[in-house]
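Okay, structure first, notes after.
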């Protein structure tokens with residue numbers, strides 16, 4: 001065992017847990033990974049990586065000697081005093097975070113004066129206080145608690161771990177917080193050390209603000225369409241203002257993924273439960289949902305009734321460089337188009353396996369060329385590099401219709417038009433043959 005670095009336990013081997021584990025292993029820590037999913041642990045023990053994340057497989061292979069996998073929490077407790085909790089907190093039907101998996105971890109922890117739970121999972125503000133109260137009631141208050149929210153973006157999670165914008169540590173100023181700070185010290189990232197509640201709120205507030213920027217620029221895009229302005233140029237001009245910045249000003253069919261969708265709703269409900277109506281977030285959520293319907297309206301404006309029309313979806317994952325389908329815009333879009341009677345065919349270079357679990361009745365194609373064959377219209381849903389590089393002259397021959405809707409404003413509109421196709425973006429100047 002590496003004696004120069006603090007050994008750590010990581011509970012949960014999803015996107016956050018596995019990247020966190022591999023990252024700490026790359027820094028020299030022995031890492032003891034735990035998951036209740038025996039099949040997933042078996043795959044990891046066999047050298048397989050169960051999720052798609054650029055660079056993760058290589059990082060695990062490089063540091064596999066320091067990574068240990070088990071279904072038993074006791075294996076992590078035996079070797080590490082810092083136990084990072086990275087289990088899922090999916091939204092419930094009401095939009096609240098489901099803390100079932102978090103509570104199961106708390107229930108399974110033995111009484112200890114020398115261990116700390118370090119919360120990586122995104123939880124509502126106040127969760128830490130509740131857990132600490134429960135531990136006191138169960139005479140396990142010797143177990144320390146630290147909030148250390150994750151800020152990993154799927155598709156660049158490995159880079160985000162190794163070169164973070166900041167590290168947030170919320171604790172009571174004891175040994176556990178000091179130890180967590182020490183683990184991240186080699187990364188030389190700005191440190192925000194605060195109380196537990198503030199650390200929990202930082203994560204929710206950050207995601208809510210980014211989602212707000214996306215919904216705002218989508219509203220601007222919709223106004224641009226009415227007035228003949230181009231949102232791409234508007235966003236460029238806005239983004240050069242240092243007070244605004246260019247990030248998250250890309251208009252399109254709305255945000256997706258597990259984090260934004262879940263955290264915005266969770267913060268809105270958290271505020272409501274405390275007696276405050278967070279009106280702005282209500283609008284952010286509404287705009288995001290309506291944005292997907294605008295794509296359907298664009299199709300209807302060009303094609304009329306959609307019943308019997310063949311619509312090609314280019315991409316399914318909520319963003320490129322991930323196979324994550326949680327909160328993906330394609331889920332709503334496909335369902336809405338099918339409800340209109342359209343025949344929906346889709347292609348995604350990575351996420352098809354995950355998409356089939358959620359949309360088993362969808363018609364899946366084997367390639368971009370295949371999905372576009374005889375299509376009346378095509379919609380770019382996920383800006384995968386290979387989808388941005390298709391030969392549009394070949395596409396014009398393959399398609400039955402000529403409409404291409406750029407749901408991410410990522411295509412070369414001029415190239416699409418020069419191929420004889422009708423290009424329409426989100427908030428772009430009207431461009432037709």
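The values are calculated or read from the model by the stated rules, or taken from the named source; none is laboratory data. Computed from a prediction, not measured in an experiment: that's the story for all the values here. Cβ sites come from the backbone with ideal geometry, for glycine too, and all protein chains shown count toward neighbours.
Scanning the range 292-334 for residues that are closer than 14 Å to residue 356 by Cα, in contact with a strand residue (DSSP E or B) (Cβ under 8 Å, 6 or more places away or on another chain) and assigned to a helix (DSSP H, G or I) yields 330, 334.
Being touching a residue at least 60 places away in the same chain (Cβ under 8 Å) and in a loop (DSSP other than H, G, I, E, B) is true for just one of 244, 253. Which residue is that?
Details: 244 fails: touching a residue at least 60 places away in the same chain (Cβ under 8 Å).
Selected residue: 253, the only one of 244, 253 that is touching a residue at least 60 places away in the same chain (Cβ under 8 Å) and in a loop (DSSP other than H, G, I, E, B).
Out of 25, 76, 21, which single residue is under 23 Å from residue 174 (Cβ atoms) and touching a strand residue (DSSP E or B) at 6+ places or on another chain (Cβ under 7 Å)? Steps first, answer last, please.
Values: 25 fails: under 23 Å from residue 174 (Cβ atoms); 21 fails: under 23 Å from residue 174 (Cβ atoms).
Answer to the selection: 76.
Being assigned to a helix (DSSP H, G or I) and buried (at least 17 other Cβ atoms within 10 Å of the Cβ) is a property that does not hold for residue 145. For residue 187, are the conditions met, namely being within 18 Å of the chain's Cα centre (by Cα) and farther than 12 Å from residue 82 by Cβ? No. Which residue pairs have Cβ atoms closer than 6 Å, lie 6 or more positions apart in sequence or on different chains, and pair a first residue in the range 100-126 that is free of Cβ contacts under 8 Å to residues at least 40 places away in the same chain with a second residue that is part of a helix (DSSP H, G or I) and surrounded by 15 or more Cβ atoms within 10 Å (Cβ to Cβ)? The qualifying pairs are 106/131; 108/73.
Wholly within the range 1-112, which helices (runs of 4 or more DSSP H) include no fewer than the required count, namely at least 3 residues that are touching a helix residue (DSSP H, G or I) at 6+ places or on another chain (Cβ under 6 Å), modelled with pLDDT of 95 or more and surrounded by 17 or more Cβ atoms within 10 Å (Cβ to Cβ)?
Details: elements: 15-26, 38-45, 56-62, 73-79, 100-108.
Answer list for the range 1-112: 15-26, 56-62.
Step by step: first the residues of the range 383-416, then only those that are closer than 22 Å to residue 291 by Cα and out of contact with any strand residue (DSSP E or B) (no Cβ under 7 Å at 6 or more places or on another chain), then the one that is surrounded by the most Cβ atoms within 10 Å (Cβ to Cβ). Which residue is that? The extreme case among them is 384. Somewhere in the range 261-284, is a residue outside the structural domain of residue 158 (by TED's automatic domain parsing), farther than 23 Å from residue 209 by Cα and without any contact (Cβ under 8 Å) to a residue 24 or more places away in the chain? For the range 261-284, residues outside the structural domain of residue 158 (by TED's automatic domain parsing), farther than 23 Å from residue 209 by Cα and without any contact (Cβ under 8 Å) to a residue 24 or more places away in the chain: absent.
Kindly establish whether residue 266 is more than 30 Å from residue 368 (Cα to Cα), part of a loop (DSSP other than H, G, I, E, B) and touching a helix residue (DSSP H, G or I) at 6+ places or on another chain (Cβ under 8 Å).
Working: more than 30 Å from residue 368 (Cα to Cα): yes; part of a loop (DSSP other than H, G, I, E, B): no; touching a helix residue (DSSP H, G or I) at 6+ places or on another chain (Cβ under 8 Å): yes.
Here the answer is no, as residue 266 does not meet what is asked.
Evaluated against (1) in contact with a strand residue (DSSP E or B) (Cβ under 9 Å, 6 or more places away or on another chain); (2) within 19 Å of residue 218 (Cα to Cα), residue 289 falls short on exactly one condition, (1).
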